[in-house]
Structures are given as structure tokens and as C-alpha cells.
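The values are calculated or read from the model by the stated rules, or taken from the named source; none is laboratory data. Given the structure is predicted, the values throughout are model-derived calculations rather than measurements. FYI the Cβ positions are ideal-geometry reconstructions off the backbone, even for glycines, and counts take in every protein chain you see.
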Amino acid sequence: MRKKIVAGNWKMNTTVAAGKELAKDIVAALGKVPKDVQLIIAPPFTHLAPVADVIKGSAVALSAQNCADKAKGAFTGEVSAEMIAGVGCTYTILGHSERRQYYGETSDTLVAKMALALENGLSPIYCVGEMLSEREAGNHFNVIKAQLEEVLFGLSAEQMAKVVIAYEPVWAIGTGVTATSEQAQEVHAFIRKTLAAKFGDLAKDITILYGGSCKPSNAKELFACPDIDGGLIGGASLKADDFIAIAQSY
């Protein structure tokens with residue numbers, strides 16, 4: 001059975017003190033979350049060690065928002081997969097549309113990051129998704145297929161089993177616009193079919209999250225779709241009540 005995941009990507013928000021309080025509130029509300037739903041939080045790099053202390057011993061897992069494409073060395077400002085794992089992370093987000101769009105991350109960059117994340121025992125949450133212009137041109141399936149093939153098809157089945165996919169329609173991130181459940185399910189099913197062409201039956205066990213303006217008001221409808229296994233939550237993960245309410249949608 002596929003793992004159900006609700007992951008909170010805090011992006012560049014909160015101070016360390018506020019992040020610790022948010023993590024405390026999430027841990028305190030865990031009793032309201034179905035036991036088979038894995039909660040993951042992804043604070044900024046500066047918060048990882050303090051937040052790791054807050055969630056230690058709880059069922060909440062810790063993720064980074066990114067990692068470097070080099071193992072170590074003279075790369076000022078970068079944070080390696082080994083460093084991330086060393087502070088207690090078990091996941092890292094890779095390939096988020098904001099990294100691709102604002103920082104020029106390419107498939108080659110992400111292949112290197114994927115390898116280093118896996119080598120250091122991290123489960124990558126790998127993001128794919130199309131721009132509005134690509135959807136309007138009817139090219140969204142080709143874009144997503146390329147993102148999957150170029151970064152994931154070099155992995156072994158054992159490595160691929162550790163990867164979580166997040167579909168994030170770029171036109172629905174932070175805009176308040178959400179893909180309809182039909183649109184989201186259509187793409188999730190396409191992702192699973194594309195993975196099955198390479199990895200066979202393993203594709204049935206891979207968790208695929210929806211990552212476009214998922215909130216308490218629409219989570220239940222989205223999570224009811226057969227190929228949607230949870231959410232990668234942005235703005236709504238910054239309020240413990242909203243984040244927990246999304247997890248309760250199961």
C-alpha cells in the first residue's frame with residue numbers, strides 16, 4: 001500500500017523562534033491525524049537543527065527544501081546532502097518549480113542532487129509540473145514526461161522506491177487557483193503510467209503528492225482521487241490548524 005503523506009514546505013518564511021513554535025503546535029496536534037498519514041515539515045536550512053529537537057521522538061519527519069549538487073568543498077552558501085542528513089532530515093525536496101524558475105536548475109543539476117540525496121539516506125520529494133503557457137499549449141504531458149525521464153530513469157528500482165513524486169502545476173502555486181480534482185487526477189495517473197513504463201509494478205507503490213494550492217477546503221476532494229496520495233503544502237503549512245486540517249482530510 002502506498003504511503004499517505006502530507007508535507008509542509010515552509011519556503012522562506014518564519015524566524016527560527018516562530019518555526020519552533022509552529023513545529024510544537026503540529027506535534028501537539030498529532031493525535032488528531034490519522035495514524036496512516038505521514039506528516040513531514042520542511043523548514044528553511046537555518047531552522048533544521050532547532051526544529052529537529054522539537055519533533056524528536058514524534059511521528060513528524062523532517063525535510064530540507066533543497067540540497068547542493070556537490071558533496072563538499074569550496075561552494076560558498078551551499079548546503080550538502082550529508083549536512084542535511086546529519087541534522088536529522090530523512091527527506092529533501094528537489095526540483096521545486098521555484099528552484100527551476102528562479103535559480104536555473106536543470107535536469108543535469110537535479111540528477112546530481114538526486115544521487116547525493118540517495119547516497120546520504122535521504123528520500124527525495126521530486127517535483128514536476130508545467131507552466132501555464134505549457135498547459136494552454138497542450139504540452140503539459142510532454143513537459144512532465146521529460147522531467148520524469150531525464151532525472152529518474154537512470155535510477156535503479158531500489159533507488160526509485162525511496163523517491164516521492166510531487167505534481168505541482170506551476171500556474172496553481174501561490175495563486176489561490178487550484179487544479180480541479182479531475183485535472184489533478186489526470187496528471188497523477190499519467191505520472192504513474194510513465195513510471196510504470198520504466199519501473200513496472202513498482203509504480204503502483206510510489207507516492208505521488210499534489211502540490212498546487214492545496215488547502216483544508218479542497219484537500220478532501222483531491223485526496224479522494226485514486227492516484228493522489230497526499231499533498232505538498234505551501235502557504236497552508238504555515239498555520240498548524242490548517243496543516244492538521246489537511247491531514248485530517250483523509
- Note on the structure: Over region 12-40, the set of residues assigned to a helix (DSSP H, G or I) and among the β-branched types (Val, Ile, Thr) is VAL16, ILE26, VAL27
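Looking only at region 27-79, filter to residues that are of a type in the set (Gly, Ala, Ser) and touching a strand residue (DSSP E or B) at 6+ places or on another chain (Cβ under 6 Å); which one of those is nearest to ALA17 (Cα to Cα)?
Across region 27-79, the extreme among qualifying residues is ALA52.
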- Note on the structure: Filtering region 142-159 down to residues that are assigned to a helix (DSSP H, G or I), over 13 Å from PHE190 (Cβ atoms) and among the small types (Gly, Ala, Ser) yields ALA157
- Message: Being surrounded by 24 or more Cβ atoms within 10 Å (Cβ to Cβ), closer than 22 Å to ALA189 by Cα, out of contact with any Lys or Arg (no Cβ under 6 Å at 6 or more places or on another chain) and at pLDDT 95 or above is true for just one of GLY211, GLY231. Which residue is that?
- Response: GLY231
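Do you know which residues across region 178-187 are of a type outside the set (S, T, N, Q) and in contact (Cβ under 8 Å) with a residue 24 or more places away in the chain?
From region 178-187, those of a type outside the set (S, T, N, Q) are 179, 182, 184, 186-187; that's our starting set.
Scanning region 178-187 gives ALA179, ALA184, VAL187.
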- Selection within region 80-110 - within 21 Å of LYS20 (Cα to Cα), buried (at least 18 other Cβ atoms within 10 Å of the Cβ) and of a type in the set (A, V, I, L, M): ILE84, ALA85, ILE93
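Every residue, every condition in (1) farther than 19 Å from ILE93 by Cβ; (2) among the hydroxyl-bearing types (Ser, Thr, Tyr); (3) touching a residue at least 12 places away in the same chain (Cβ under 8 Å), yes or no:
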site	(1), (2), (3)
PHE141	yes, no, yes
SER156	yes, yes, no
ALA166	no, no, yes
GLY176	yes, no, yes
ALA189	yes, no, yes
ALA197	yes, no, no
ALA245	yes, no, yes
GLN248	yes, no, yes
